[in-house]
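Here it is, the structure, as structure tokens.
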Amino acid sequence: MSSDNIKGLVLALSSSVFIGASFIVKKKGLKKAGASGVRAGGLLIVFLQEKLMSGCFSTVIVGEIANFAAYAFAPAILVTPLGALSIIISAVLAHIILRERLHIFGVLGCALCVVGSITIVLHAPQEREIESVIEVWDLATEPAFLFYAALVIAAVFVLIFNFVPDYGQTHIMVYIGICSLVGSLSVMSVKAIGIALKLTLSGMNQLIYPQTWAFTMVVITCVLTQMNYLNKALDTFNTAVVSPIYYVMFTSLTILASVIMFKDWDRQSPTQIVTEMCGFVTILSGTFLLHKTKDMADGSAALPIRIPKHSDDDGFENEGIPLKRQDAMRSASH
């Protein structure tokens, strides 16, 4: 591995540690606030008063900064899949700190993620040598990537205007599709800004180029769009369903965008490419197993087929049915 790849790897691993730890800090704060008898409606007010909340924000910010910096040194095909390691960190810390027993399927899921991550790290392509943000702009304006970006933007507009009004509240792939498509463009822009900042700090000022600020505007627009529709997905559907699907789509599209824009696979042999894909599939398998079985009681014989976000007063499960529609159903039944 090159020195830049090693730096990117260390930063990506640090990001996973901090983000994984933030889940534990947040859960401890929620438990502490909930112990006071405050119900969900007032939980946020109490939680904001807890010192653990500032700790949660701090770990998330440090983790995101490390993740941002990782893209400046290593290719997206190395950095993005390693985000799954934050799930392992949170699972292990929950086992140690929160005394949440990690069952055999959880251990297996963690092992799969680790094996897949090691496979990708050992066979990741070298980072492309770039000496100016203008080079990144030239890569972004080549016909192949412009065609990809045009397809992504067209698909996002179709989903927002044609599918969100009618199917957003009932079909999970609508919101997640928007987040994943936009996310692949945001990561490419984040990488461009990271490279610009890295070169600027080394003495070659890239802030004087309008391309740097163009990439910045793309990042801001994409991130705001992602946050909006990801929050809608989490508010409507169960997190245990949203998280793995979003991870798979976002990571897959980001790798595709990186391969098109930075031509990562042009510097690799077919054997290396196939091995990387096997590592990626292994991580996906581990991630799916961790999410699918995370609420399974120790000793359960069967895996849970579906985990609902909402249930009515009689205990009937209504996965994916929005709260407003549930209220209407209850009123009609009475």
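Of the residues Leu139, Leu102, Leu98, only one is assigned to a helix (DSSP H, G or I) and not acidic (Asp, Glu); which? Working first, answer last.
Working: Leu102 fails: assigned to a helix (DSSP H, G or I); Leu98 fails: assigned to a helix (DSSP H, G or I).
Every option except Leu139 fails the conditions.
Identify the residue in the range 162-183 that is part of a helix (DSSP H, G or I) and over 14 Å from Tyr229 (Cβ atoms) and, among all such residues, is modelled with the lowest pLDDT.
Within the range 162-183, the first condition is being part of a helix (DSSP H, G or I), and the residues that meet it are 162-167, 172-183.
In the following step, the residues that additionally are over 14 Å from Tyr229 (Cβ atoms) were identified as 162, 166.
Working: Asn162: 94, Asp166: 91.
If we take residues in the range 162-183 being part of a helix (DSSP H, G or I) and over 14 Å from Tyr229 (Cβ atoms), then Asp166 is modelled with the lowest pLDDT.
Can you tell me which residues in the range 105-136 are acidic (Asp, Glu) and in a helix (DSSP H, G or I)?
Once the filter is applied, which keeps residues that are acidic (Asp, Glu) and in a helix (DSSP H, G or I), the range 105-136 yields only Glu135.
Out of curiosity, is Ala66 within 21 Å of Tyr246 (Cβ to Cβ) and under 18 Å from the mean Cα position of the chain (by Cα)? Walk me through how you get there before you give the answer.
Values: within 21 Å of Tyr246 (Cβ to Cβ): yes; under 18 Å from the mean Cα position of the chain (by Cα): yes.
Answer is yes for this residue.
Still on this structure, I have one more. Scan the range 103-144 for residues that are out of contact with any Phe, Trp or Tyr (no Cβ under 9 Å at 6 or more places or on another chain) and small (Gly, Ala, Ser) and jot them down.
If the condition is that a residue be out of contact with any Phe, Trp or Tyr (no Cβ under 9 Å at 6 or more places or on another chain) and small (Gly, Ala, Ser), then Gly106, Ala111, Ser117, Ala124, Ala144 are the ones that fit.
Given Asp313, Asp298, which one is in contact with a helix residue (DSSP H, G or I) (Cβ under 8 Å, 6 or more places away or on another chain), modelled with pLDDT under 85, among the acidic types (Asp, Glu) and open to solvent by 30 Å² or more (accessible area, probe 1.4 Å)? Talk me through it step by step, then tell me what you get.
Values: Asp298 fails: in contact with a helix residue (DSSP H, G or I) (Cβ under 8 Å, 6 or more places away or on another chain).
Just one listed residue meets the conditions, Asp313.
Each row is one residue, and each column tells you yes or no for (1) touching a residue at least 60 places away in the same chain (Cβ under 8 Å); (2) part of a loop (DSSP other than H, G, I, E, B).
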{"position": "Phe147", "(1), (2)": "no, no"}
{"position": "Ala150", "(1), (2)": "no, no"}
{"position": "Thr200", "(1), (2)": "no, no"}
{"position": "Asn205", "(1), (2)": "no, yes"}
{"position": "Thr216", "(1), (2)": "no, no"}
{"position": "Thr251", "(1), (2)": "yes, no"}
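Right, something else. In the range 48-65, is there at least one residue being open to solvent by 70 Å² or more (accessible area, probe 1.4 Å) and modelled with pLDDT of 90 or more?
yes
If I ask for residues that are surrounded by fewer than 15 Cβ atoms within 10 Å (Cβ to Cβ), under 25 Å from Lys7 (Cβ atoms) and among the polar types (S, T, N, Q), which ones from the range 162-220 would you list?
Selection gives Ser202, Asn205.
Let me ask something additional. Could you tell me which of the residues Leu146, Leu122, Leu82, Leu159 is open to solvent by 50 Å² or more (accessible area, probe 1.4 Å) and either within 21 Å of Gln226 (Cα to Cα) or small (Gly, Ala, Ser) (or both)? Quick ask: steps written out before the conclusion?
Values: Leu122 fails: either within 21 Å of Gln226 (Cα to Cα) or small (Gly, Ala, Ser) (or both); Leu82 fails: open to solvent by 50 Å² or more (accessible area, probe 1.4 Å); Leu159 fails: open to solvent by 50 Å² or more (accessible area, probe 1.4 Å).
Residue meeting the stated conditions: Leu146.
The values are calculated or read from the model by the stated rules, or taken from the named source; none is laboratory data. Quick caveat: nothing in here was measured; it's all calculated off a predicted structure. So basically every Cβ, Gly included, is an ideal-geometry build from the backbone, and we count neighbours across all protein chains shown. Heads up: the accessible areas ignore ligands, DNA and RNA and are worked out on the full protein's heavy atoms, side chains in. Shrake-Rupley method; radii C 1.70, N 1.55, O 1.52, S 1.80 Å.
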